[in-house]
Amino acid sequence: MTIHRDFFQVVECDACGMVQTVPLEGDGLFCCCRCATFLGRFGGRLDLDRPLALAVAGLICFVLANSFPIISMSMSGNSRSVTLLGGVIELFLGGYELLSGLVLWTTIWAPLLFLIGFVYVLLPMRLDWAWPGRKRIFRLVLFFSRWGMLEVYLLGILVAYVKLADLALVAPGLGLYGFVGLIFVVAGVMAVLDVHGVWKRLGGQEKKLNDGASMCSCLVCHWLGNPSSVPGSPHCPRCGSVLTHRKPNTLQRSMALTLTAFILYIPANLLPVMTVIHFGRGEPNTILSGVIALIKEGMWPLALVVFVASIVVPLLKLIALTFLLVSVRIKSRWRLKDRTLLYRIIESVGRWSMVDIFVISLMVALVDFGAVATIEAGPGATFFGAVVVITLLAAESFDPRLIWDS
């Protein structure tokens, strides 16, 4: 039976490496038939209007979220308010340059560059203009989408609001409404975005069906073909990324990063992350003591969220990564699908551990009333931020297709 190539598309699953075909008739979301990993949206006409409109709306919400305070606080006749950039500045002035850079990147730069790059790629595509560098920009757009943590910052705002509500009068600012709108808009862009369709529209080589084991998939744009057929160096002919059968040195890099995170996890939980000075008396707080304080105040649900996100998730993520690395090293065939699911969970939940860092940036900027009340960041916050970033890099360095190579 002859099947016309225009009626289907050949893709490789990023999680298990299985090459399979998806039909292009209609419009649907497809998952891998072996490990159930989401493959993407395929088929139908490429919709550029909705994601482009959402991206423009996102830029408007971004301006509103950064032009007005997101939260304000009043105490003893004095009031203070904080913007997204305000928390970053206070951390920088307090001597925590790396921590302030991390907050700046995840809450301002990554979302902004994502939206600007998205408009830069889709607008000329919609108007049939040929703008330079669109493939490289779209590669960066997909990278920025992984590092924006707006929804985690919103949880940090909620935690800071609850912690400060007993000390003073706390009220949401106008910028908070723009910030919430920005979260929904960015989520909407990712929901309606047809990544495969955009790459296909940007141009590239046709898929080959008869190359067998010699086929190689680009992890960025999902181009699938034989690297030996590409002239010159083994780079993807569509997006320019380096083509490799598996991520190079994936086990060594992931293990080194995981071990580093294990070491940094100890001072991150032993050293104080924040010091609250009230009428001249200060008491350093670690992550665990902050959870205990929430429990004493009767805020069990919030204490549970912070405990899980800041203590349980980083530790379990490191243990799970170690388990995956060891199982791949010994070429285990035990429960391949479940181990792939475990990796997807690790990849998705690690970002929520940033909630404590965002709470610290907000409270340091808000509570600065001299001798009455002041909050200062502690050295444990820097270690904890390093743990979160390193575990994210360790999960990204790991190649889950190695699980199925056995």
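The values are calculated or read from the model by the stated rules, or taken from the named source; none is laboratory data. If you're wondering where the values come from, they're calculated on a predicted model, not measured in any experiment. For neighbour counting, all protein chains shown are included, and Cβ atoms are generated from backbone atoms with ideal geometry for every residue, glycine included. These accessible areas exclude ligands, DNA and RNA; they are computed on the full protein's heavy atoms, side chains included. Shrake-Rupley method; radii C 1.70, N 1.55, O 1.52, S 1.80 Å.
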Among residues belonging to region 328-367 that are in contact (Cβ under 8 Å) with a residue 12 or more places away in the chain and not in a helix (DSSP H, G or I), point out the one that is least open to solvent (accessible area, probe 1.4 Å). VAL367
Region 110-130 residues that are among the aromatic types (Phe, Trp, Tyr), paired with ones that are in a loop (DSSP other than H, G, I, E, B) (beta carbon under 8 Å, 6 or more apart): PHE114/GLY148; TYR120/TRP131
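One line per residue, one yes/no per condition, for (1) aromatic (Phe, Trp, Tyr); (2) closer than 30 Å to GLN20 by Cα; (3) part of a helix (DSSP H, G or I):
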position	(1), (2), (3)
LEU54	no, no, yes
VAL63	no, no, yes
SER72	no, no, no
GLY87	no, no, yes
GLU90	no, no, yes
VAL103	no, no, yes
THR106	no, no, yes
PRO111	no, no, yes
LEU122	no, yes, yes
Within region 87-112, residues more than 25 Å from VAL185 (Cβ to Cβ) and either among the hydroxyl-bearing types (Ser, Thr, Tyr) or open to solvent by 40 Å² or more (accessible area, probe 1.4 Å) (or both) come out as ILE89, GLU90, PHE92, LEU93, GLY94, GLY95, TYR96, GLU97, LEU98, SER100
Considering only residues that are at pLDDT 90 or above and of a type in the set (S, T, N, Q), look in region 299-339 and name the one that is farthest from the chain's Cα centre (by Cα). SER327
Options VAL170, VAL141, VAL162: the member that is buried (at least 20 other Cβ atoms within 10 Å of the Cβ) and of a type in the set (Val, Ile, Thr): VAL141
Of everything in region 303-327, what is touching a Leu at 6+ places or on another chain (Cβ under 7 Å) and open to solvent by 20 Å² or more (accessible area, probe 1.4 Å)? Give them in sequence order. ILE311
